[in-house]
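Worksheet: one structure, shown below.
The values are calculated or read from the model by the stated rules, or taken from the named source; none is laboratory data. All values reported here derive from a predicted model rather than from experimental measurement. With ideal geometry, Cβ positions are generated from the backbone for all residues, glycine too; neighbour counts draw on all protein chains shown.
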Amino acid sequence: MFVADPNMTADKILTELRSLFGSEFTFADVKGYCRSHNVSESTVLKRINQYRVGRGRYNLELKVKEVVETIEKSYEAPAALELVPERDDKFVPFGNFTTLKKIIKSGIFYPSFITGLSGNGKTMGVEQACAQLNRELVRVNITVETDEDDLIGGFRLVNGDTVWHNGPVIEALERGAVLLLDEIDLASNKILCLQSILEGKGVFLKKIGKVVKPAPGFNVVATANTKGKGSEDGRFIGTNVLNEAFLERFALTFEQEYPNSKTETNILNKLCTDSEFCARLADWADIIRKTFYDGGVDEVISTRRLVHIVQAYKIFGDKVKAIQLCLNRFDDETKASFLDLYDKVDADVDITQEEVL
């Protein structure tokens with residue numbers, strides 16, 4: 001049983017801790033000190049609480065109140081960054097783009113969820129809406145490992161000092177930017193740290209005792225290949241079932257489809273001068289997608305894949321080589337069926353099943 005020692009003043013404890021461990025130490029170090037000096041942990045922790053800089057971490061050179069005062073001085077980089085996306089003159093709007101742009105332009109906090117198959121322009125649509133509106137965009141690529149420290153921020157060691165660094169979510173909040181949570185259905189339940197932010201209430205940074213309120217114009221857009229219910233057909237391995245209360249905080253959901261043949265031809269024409277080739281590619285992709293939706297094939301040609309093909313054509317100057325190289329990602333049976341279909345769509349191109357070097 002420990003007996004309170006009136007001589008165990010804060011100055012004495014701090015002096016002894018500094019002599020033993022230096023200015024930085026952990027809770028495990030504190031426990032060892034308490035055992036060797038026959039003093040209660042509560043007595044010591046009470047006297048060093050103001051030096052706590054993280055869970056189980058202490059720094060005698062940096063008090064909690066000094067952490068807050070140091071934030072702006074120690075983390076100036078984001079303020080100098082240009083976060084407005086570059087405007088793409090080759091971008092062709094389609095689908096929900098106009099509606100999404102109106103939401104962002106309104107300045108009203110209205111979280112939106114965009115779902116759709118891979119490569120159909122979900123992310124690019126958000127980026128170009130912000131570019132056209134001259135709005136800052138903070139994009140976060142979500143993975144299963146993404147946690148509160150990645151999103152909100154945390155303490156970092158800079159030049160020997162422990163300082164607070166804002167995460168991308170805090171940057172977006174303070175700047176009134178659009179926060180893009182890309183591939184959000186890959187997230188684990190660690191993403192639930194964003195609950196209050198999705199309610200438009202901001203967040204309390206418990207590590208530094210600071211409340212961050214959203215600046216005017218702040219908004220959240222999430223993109224995903226699923227609706228947060230997982231992928232039953234196995235097409236999107238790694239996607240997870242998201243918390244229902246989390247999903248409910250998104251005001252609306254856009255179902256992003258691939259553009260129609262005419263629009264897709266316009267997209268490709270922006271990148272390739274051979275308009276006939278672009279039209280044949282768009283028709284080919286449209287037939288494959290209809291067959292896919294009817295259950296006739298297990299794969300689909302995305303708009304992104306068509307862009308890859310016309311870019312390969314610009315490099316090699318060979319349509320057959322461009323198509324074959326860009327189809328190599330599929331299994332042999334799927335690749336063969338797609339090549340055979342293109343041979344029927346474009347009579348001017350002689351597609352063979354042989355590998356192109």
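Assorted remarks:
- Enumeration of residues in the range 27-63 that are farther than 21 Å from G153 by Cβ, surrounded by 14 or more Cβ atoms within 10 Å (Cβ to Cβ) and among the hydroxyl-bearing types (S, T, Y): Y33, S40, T43
- Candidate set: the range 86-126, residues that are polar (S, T, N, Q) and over 24 Å from G217 (Cα atoms); chosen: the one nearest to the chain's Cα centre (by Cα): S118
- Options I301, I323, I267: the member that is part of a loop (DSSP other than H, G, I, E, B), in contact with a helix residue (DSSP H, G or I) (Cβ under 7 Å, 6 or more places away or on another chain) and buried (at least 20 other Cβ atoms within 10 Å of the Cβ): I301
- Within this structure, L151 passes the test of being at pLDDT 95 or above and more than 30 Å from D89 (Cα to Cα).
- Long-range neighbours under 8 Å by Cβ, at least six apart or interchain, first residue closer than 16 Å to Y51 by Cα and touching a residue at least 60 places away in the same chain (Cβ under 8 Å) within the range 18-39, second surrounded by 14 or more Cβ atoms within 10 Å (Cβ to Cβ) and of a type in the set (S, T, Y): E24/Y58; E24/T162
- Of the strands (runs of 3 or more DSSP E) that lie entirely inside the range 166-227, those containing 1 or more residues that are over 24 Å from G121 (Cβ atoms) and not acidic (D, E) span 203-205, 210-212.
- Whichever residue in the range 309-336 is out of contact with any Ser or Thr (no Cβ under 9 Å at 6 or more places or on another chain) and polar (S, T, N, Q) and, among such residues, is nearest to C272 (Cα to Cα): Q311
- Selection of the range 92-122 for residues being assigned to a helix (DSSP H, G or I), crowded, with 18+ Cβ neighbours inside 10 Å and of a type outside the set (K, R) yields F97, L100, I103, I104.
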